[in-house]
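Visitor: My questions will all concern the structure given below.
What follows draws every value from the coordinates through simple rules; no lab data is involved. This one's a predicted model, so the numbers in the text were calculated from it and none came from an experiment. Virtual Cβ from ideal backbone geometry, glycine too; neighbours counted across all protein chains shown.
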Amino acid sequence: MMGEDNHSSRQERGMTRPVRIGVQLQPQHAPDYGLIRDAVLRSEDAGVDIVFNWDHFYPLTGDPDGAHFECWTMLGAWAEQTERVEIGALVTGGGYRNPDLLADMARTVDHISGGRLILGIGAGWFEKDYDQFGYDFGTPGSRLKLLGEYLPRITGRLAKGNPPPTRNIPVLIGGGGEKKTLRLVAEYADVWHSFGDRETHLRKSGILSDHCADVGRNPLEVEHSVPWPGLENAADLVADGVSLFTVGVSGPDYDLTTLAEAIAWRDDNTPPALSGLA
C-alpha cells in the first residue's frame with residue numbers, strides 16, 4: 001500500500017492537477033453580514049480559487065453563543081456576488097436537511113453561480129448543532145449510516161432536476177474514517193478533504209486507493225484536499241498528491257494575510273490554477 005508504485009502514482013497526481021488555494025470564511029463572530037461580504041470580495045480579488053464557508057449554527061471557537069450565520073442562504077448570496085471563484089461548504093452537515101431538498105438547493109445555487117458550486121458534505125459531528133435545532137445526534141456510526149443513505153438520494157435527485165445542473169456538480173466529502181467514510185469517498189466523491197499530518201494522509205491515501213479498487217474506480221479521479229499546512233510543508237504534500245489547500249479564517253476581522261502567502265506560493269511554485277476540477 002505504501003510502496004514505490006503508490007508513491008509514483010501520488011507524484012503523478014500532484015503533477016497533473018493544478019494546485020489550488022481555497023479559503024474557508026468561517027461565518028462566526030461577524031455581527032454584521034457586511035464583514036463576510038467584504039471578505040468574499042477581498043478573497044476573490046486576491047486570486048483565491050475557491051471560497052468555502054461551513055455548515056454550523058453556532059461558533060466553534062470563541063464565544064459559543066456569539067454571532068453566526070447560516071450556510072446555504074449565504075452560498076446563494078455568494079453565487080450572485082462572485083464572478084470567478086468556485087463556492088461551497090466545507091462541509092454541509094449530512095443530517096441537517098432532507099437529501100432531496102439539499103440536492104435541489106445545490107442545483108439552484110449551481111445555476112445562480114453559473115456552474116461554480118462544489119457540494120461539500122460530511123456526516124456531522126458538532127453536538128450543539130443537533131441539540132439546539134432538534135436533530136437526532138445519534139452516534140458516529142448512525143451519522144455515517146445516514147450519510148451513506150443520503151448520498152445516492154442526492155445524486156438521484158440531481159439527475160431529475162429540470163433544468164438539470166449546469167455541470168456534474170463536484171462532490172467533496174470531508175472525513176477520514178477508514179472503513180466507512182473513505183468507502184463513501186471512493187463511491188461518490190470528486191474531492192476528498194482530510195485532516196492529519198503527512199504520514200496520516202499517506203496511509204489513508206493508500207486505504208482510499210484500496211476502496212477505489214473495490215468499487216472499480218481509478219483513485220486518481222479523486223482530488224486530495226487538506227487544510228493549509230504552512231509554506232514549509234506544502235511542497236511535500238503536493239508531491240504526495242494533494243492539490244487543494246484551504247486557509248481557514250474567522251470573523252470579525254477575516255485577516256487574509258496567510259491566504260495571501262498561500263496564493264503567492266501557488267503562483268511561484270505551480271502552474272496557474274484552472275477553473276473547475278478538470
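Visitor: Out of residues 5 or more away from Gly241 or on other chains, whose amide H comes under 5 Å of its own, with H placed 1.01 Å from N in the peptide plane?
Guide: Gly14
Visitor: Under 5 Å between amide H atoms, partner at least 5 residues away or on a different chain: which partners does Leu90 have, H built in plane at 1.01 Å?
Guide: Close amide H contacts, sequence-distant or interchain: Asn53, Trp54, Asp55.
Visitor: Still on this structure, please answer the following. I'd like the distance between the alpha-carbon centres of segment 140-204 and segment 210-247, rounded to an integer number of Å.
Guide: Measuring centre to centre over Cα atoms gives 15 Å.
Visitor: Related question: Need one number: convex hull volume per residue for segment 89-238, Cα atoms only, in Å³.
Guide: 129
Visitor: Could you work out how much longer the chain between His111 and Leu60 gets when fully extended? Use 0.36 nm per residue separation minus the Cα distance between them, nm to one decimal.
Guide: 15.3 nm
Visitor: A further question on this structure: Where does the chain land on Rg/Rh, using Cα atoms and the Kirkwood Rh?
Guide: We get a ratio of 0.94 for the chain.
Visitor: What stretch of the chain, leaving out the sites themselves, is the longest with no chymotrypsin sites (Phe, Trp or Tyr not before Pro) in a DSSP loop having at most 14 other Cβ atoms within 10 Å?
Guide: That would be 1-124.
Visitor: Residue by residue through segment 203-212, what is 3J(HN,Hα) from phi via Karplus (6.51 cos²θ - 1.76 cosθ + 1.60, θ = phi - 60°)? Round to whole Hz and write x for glycine and proline.
Guide: So the J values, rounded to whole Hz, are 5, 6, 4, x, 5, 4, 4, 5, 5, 4.
Visitor: Right, next: If amide H atoms are built 1.01 Å from N in the plane of the peptide, which residues on other chains or at least 5 residues away come under 5 Å of the amide H of Val247?
Guide: Under 5 Å from the amide H of Val247: Gly22, Val23, Gln24, Trp228.
Visitor: If exposed means no more than 16 neighbouring beta carbons inside 10 Å and the site is in a DSSP loop, what's the longest run of the chain without any exposed GluC sites (Glu not before Pro)?
Guide: 179-278
Visitor: Turning to a different aspect of this structure: Pull out a ≥ b ≥ c, the square roots of the eigenvalues of the alpha-carbon gyration tensor of segment 60-165, then state rounded if a/c is under 1.5, prolate if not and a/b is larger than b/c, and oblate in the remaining case.
Guide: It comes out oblate by the Cα gyration axes.
Visitor: Out of segment 125-230, which trypsin sites (Lys or Arg not before Pro) are coil in DSSP terms and have no more than 11 other C-beta atoms within 10 Å?
Guide: Passing sites in segment 125-230 are Lys179.
Visitor: Right, something else. Counting DSSP beta bridges in the chain, what percent are antiparallel, to the nearest 5?
Guide: Antiparallel bridges: around 5 percent, rounded to the nearest 5.
Visitor: Under 25 Å Cα to Cα from Lys128, which lysines show up? Leave out anything in the same chain fewer than 8 places away.
Guide: Within reach: Lys145, Lys180.
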